[in-house]
Amino acid sequence: QLVLVCGRREPWLRRDGAAGLAVLRAASLVVGLDGCIKAVGQADVIRNQFLEATFERIIDCSGKCVLPGLVDAHTHPVWAGDRVHEFAMKLAGASYMEIHQAGGGIHFTVEHTRKATEDELFTAFQQRLERMLRAGSTLVECKSGYGLDLETELKMLRVIERARKSMDIGISSTYCGAHAVPKGKTATEATDDIINNHLPKLKELKLRGEIRVNNIDVFCEKGVFDLESTRRILEAGKDIGLQINFHGDELHPMKSAELGAELGARAISHLEEVSDEGIVAMARAKCAAVLLPTTAYMLRLKQPQARKMLEEGVIVALGSDFNPNAYCFSMPMVMHLACVNMKMSMNEALAAATINAAYALGKSDTHGSLEVGKQGDLLIINSSRWEHLIYQFGGHEALINYVIVKGKVIYENERCETMSSY
């Protein structure tokens, strides 16, 4: 099976319908030396088309499936100071905000991240990205946000930029300086600091070509940044050319979805407490909902209303929310949780982890499906049916045979060659 996801240059897929997923059998795919897909189609037609061509490598996928590289639309992967000790507190019934207000949560990680050197952060970040890659993610959104002061936020963004330049995995970089209110400041003071100091410095570094930042994020939440502070920060970020992609309506209904739709946000994440009006507004504004089933699972929150969003026409994407609070590298596991806990179909989950997640990052013109002209990012799995990628909960380590970025084999799992097809 060659799973194209889209077959007609769709920038997103909304819900299961007549089109479904585009799947070809007995097919071939060709990636050029420029890293872009040159041909997709029936194997005999491709062979005739490329009779005179020479190839650096040919991979026989008989009995296997080829899928687009997965896109993780929401991660916090740059930090020091894990929070394994807090997991027991959560299991004993402590809420996210109770831990946060006691000095744990984000503030614990901020303290350790501020002390860490850039090299220490980069080494840990690099290892995390490699684990994401082995689980099939070829494009990952990466946030700052464990600095909360200008110096540490810039340190984190430099780490992300180093990885962008030195690693094969695709990265969409997000400034998330409004991840929490720094100790000793009010939300208004933190908002003023971000608008008057952080964003002008980011603009300067972007213009000098030192740091490339794609998105701006704010944790719009009761006791963190209220709706008006969120609006001010997002508008200021938009003014310097950043795409709006923020946390909203997670723990309390904040009308974040309505605000995002009004501001022209590309995406809003979490949305466990989104209103019916917010869902309709997002659908009309073509604002993607980045749903994070790991977070609702680990924090024992109510699940986001994926079915209602899909039925209202919202573009639903998925992310792992990898961070010290939701320690998950695997988009196949995220898709499984989305199907079981949020009642998405497997087709919808795969679309949400490919073309729709790419759309949430403003990248669906180049990523998220196997179509001519797009980047040659793909997975080959050791199964004759693509659904095994979702069906096997935690099975990706023995299932993913190859991860390919821009036509280059980045990861080859030799164990698959000695195992029978699933």
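The values are calculated or read from the model by the stated rules, or taken from the named source; none is laboratory data. In this text, all values refer to a predicted model and were calculated from it rather than measured experimentally. So basically every Cβ, Gly included, is an ideal-geometry build from the backbone, and we count neighbours across all protein chains shown. What goes into the accessible areas is simple: the full protein's heavy atoms, side chains included, and nothing from ligands, DNA or RNA. Shrake-Rupley method; radii C 1.70, N 1.55, O 1.52, S 1.80 Å.
Protection proxy ranking for 45-55, 391-401, using the average of other Cβ atoms within 10 Å per residue and placing the highest first: 391-401, 45-55. Using 0.36 nm per residue and subtracting the Cα-Cα separation, the extra length available between residue 408 and residue 94 on full extension is 108.5 nm.
For the chain, the relative contact order is 22 percent, taking Cα pairs closer than 8 Å that sit 6 or more residues apart in sequence and dividing their mean separation by the residue count. The portion of the accessible surface of the chain made up by carbon and sulfur, rounded to a whole percent, is 50 (1.4 Å probe; DNA, RNA and ligands excluded).
Excluding same-chain neighbours fewer than eight residues apart, the aspartates and glutamates reachable from residue 38 by a Cα-Cα span under 13 Å are 371, 377. Compared with the direct C-alpha span, the chain from residue 45 to residue 62 gains 4.4 nm at full extension, assuming 0.36 nm per residue.
Cβ neighbours within 10 Å, averaged per peptide: list 101-110, 202-211, 224-233 in order, most packed at the top. Provide the component values of the computation, followed by the final result.
Numbers: 101-110: 18.1, 202-211: 14.0, 224-233: 20.4.
In descending order of packing, they fall as 224-233, 101-110, 202-211.
Among the listed pairs 286/408; 255/363; 222/343; 203/363; 115/374, those whose Cα-Cα separation exceeds 31 Å are 286/408; 115/374. Paramagnetic label reach from residue 101 (point 7 Å along Cα→Cβ; backbone nitrogen cut-off under 19 Å): within region 238-255, residues 249-254.
Show me, bin by bin at 20 Å from 0, the whole-percent P(r) of the chain based on Cα pairs. The calculated distribution, bin by bin, is 28, 58, 14, 0. Spacing of the modelled spin labels on residue 26 and residue 9, each 7 Å from Cα toward Cβ, amounts to 3.0 nm. Net length available on complete extension from residue 123 to residue 82 is 13.3 nm, with 0.36 nm assigned per residue and the Cα-Cα distance removed.
Per residue, how much accessible area does the chain have with a 1.4 Å probe, in Å²?
Value returned for the chain: 40 Å² of accessible area per residue.
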